[in-house]
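Here the structure comes first, spelled out in structure tokens, and everything after it is commentary.
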Amino acid sequence: MPANPFISVVMPTFNRKETLVEVLPSLAKQTYPADSYELLLSDSSSTDGTAEMVADMGIPNLRLITGENRGRSGARNRGIREAKGEIVLFTDADIIADPHLLEEHAKLHAAEPNVAVVGREIQVDTLEEYRDSIAHPERARHLHKRAQKELSWLFFLTGNASVRRDKLIEVGMFDEDFTGYGHEDLELGYRLMKSGVRIRHNPAAINYHWHPVPFDERLARTSLAGISTMRFYRKHRDPKIKLLMGVNPVTMALHSLLTEDRWPVPAWKANVEKSASCRELLTQFYYLNGVKAAIKDPNL
């Protein structure tokens, strides 16, 4: 285990052995020197044999830290507290790292002292698609423009983001009250920016999110994200939060005209397999369902 690593990679997990078997070796095979980084797998008491698998892998700079299941925020905070590196890089148990991932994050941190770095996350549904993306990265869609050097807190997504450990502790780390799905990372990004941290974009810091999600499950998560949006807003009372996250008088008025069983919502549901527009409209409908549920019940 490195005595003085520059980077600590923090990865929360719970019963993700089947993806970790691909993910952990990708982080062990980096172009960045092995004695300059550590891997912290923050396990929320998995029951699927994760600990045994990690022991069998024998990765020398990998540490398994285990605690009670307090969600992703709690697991990441556990990793931050245990980290020995100056920089903490966040990723997830279903995200495969490009060999240059750590090297690219380290470059920007070495050049600028008070930044967070967000890389490029490529979505893949299968290992075959992942291997094709490695061979042909030009085919993958960019979330941000390649030339875009600075991002807002809206893009502080902790599947591929890094920041100084002391800064994370200074702003209070992740808010563990975000126990549902979504926005615990954006809310942290908001506080980091308020404290003076600039969020820099490095499209050469690539990883591959290997997690196909059925559309019904995606809609359920979207509703939970709507609830998290209101929790985020109530914490800070900044009107820009709602506006930037799609909660405004126009969207709310349009949503008030819609119900689950009234046209056009049933038509959107009937066409989700063949229409990207219907999928997007239905996603927004469920997102605002979550927002309205949280408005009605502040305890959500």
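The values are calculated or read from the model by the stated rules, or taken from the named source; none is laboratory data. None of these values were measured; they are calculated from a predicted model. Don't worry about glycine lacking a Cβ; one is built from the backbone with ideal geometry, like all the others, and counts go over all protein chains shown.
Quick notes on this one:
- Among the residues of region 226-276, the one identified as among the small types (Gly, Ala, Ser), in contact (Cβ under 8 Å) with a residue 12 or more places away in the chain and out of contact with any Gly (no Cβ under 8 Å at 6 or more places or on another chain) is GLY246.
- Scanning region 221-243 for residues that are of a type outside the set (Ser, Thr, Tyr) and surrounded by 15 or more Cβ atoms within 10 Å (Cβ to Cβ) gives ARG221, LEU224, ALA225, GLY226, ILE227, MET230, ARG231, PHE232, LYS235, ILE241, LYS242.
- Any hit, region 157-164, residues being under 17 Å from ASP92 (Cα atoms) and touching a Gly at 6+ places or on another chain (Cβ under 6 Å): yes
- Restricting attention to region 35-58, the residues that are surrounded by fewer than 16 Cβ atoms within 10 Å (Cβ to Cβ) and within 18 Å of PRO2 (Cα to Cα) total 4.
- Residue match in region 60-71 (condition: closer than 20 Å to TYR208 by Cβ, modelled with pLDDT of 95 or more and assigned to a helix (DSSP H, G or I)): no
- Evaluation of THR251 against the conditions (1) assigned to a strand (DSSP E or B); (2) polar (S, T, N, Q); (3) over 27 Å from ASP92 (Cβ atoms) shows that the sole unmet condition is (1).
- Residue in region 182-191 that is of a type in the set (A, V, I, L, M, F, W, C), at pLDDT 95 or above and in the same structural domain as GLU150 (by TED's automatic domain parsing) present: yes
- Test for GLY85: is it crowded, with 16+ Cβ neighbours inside 10 Å and under 20 Å from the mean Cα position of the chain (by Cα): no
- Answer residue from region 174-195, given it is assigned to a loop (DSSP other than H, G, I, E, B) and among the small types (Gly, Ala, Ser) and is surrounded by the fewest Cβ atoms within 10 Å (Cβ to Cβ) among those: SER195
- Test for GLU68: is it among the acidic types (Asp, Glu), more than 18 Å from the chain's Cα centre (by Cα) and crowded, with 16+ Cβ neighbours inside 10 Å: no
- Count of region 196-219 residues which are assigned to a helix (DSSP H, G or I) and either more than 22 Å from PHE178 (Cα to Cα) or without any contact (Cβ under 8 Å) to a residue 24 or more places away in the chain (or both): 3
- The residues of region 98-130 that are under 23 Å from ASP48 (Cα atoms) and under 17 Å from the mean Cα position of the chain (by Cα) amount to a single one, ASP125.
- Cβ-Cβ under 6 Å pairs, at least 6 apart or on other chains, region 1-12 side in the same structural domain as LEU39 (by TED's automatic domain parsing), far side polar (S, T, N, Q) and assigned to a loop (DSSP other than H, G, I, E, B): MET11/THR91
- Meets criteria (loosely packed, with under 15 Cβ neighbours inside 10 Å, in a loop (DSSP other than H, G, I, E, B) and within 21 Å of the chain's Cα centre (by Cα)) for ASP261: no
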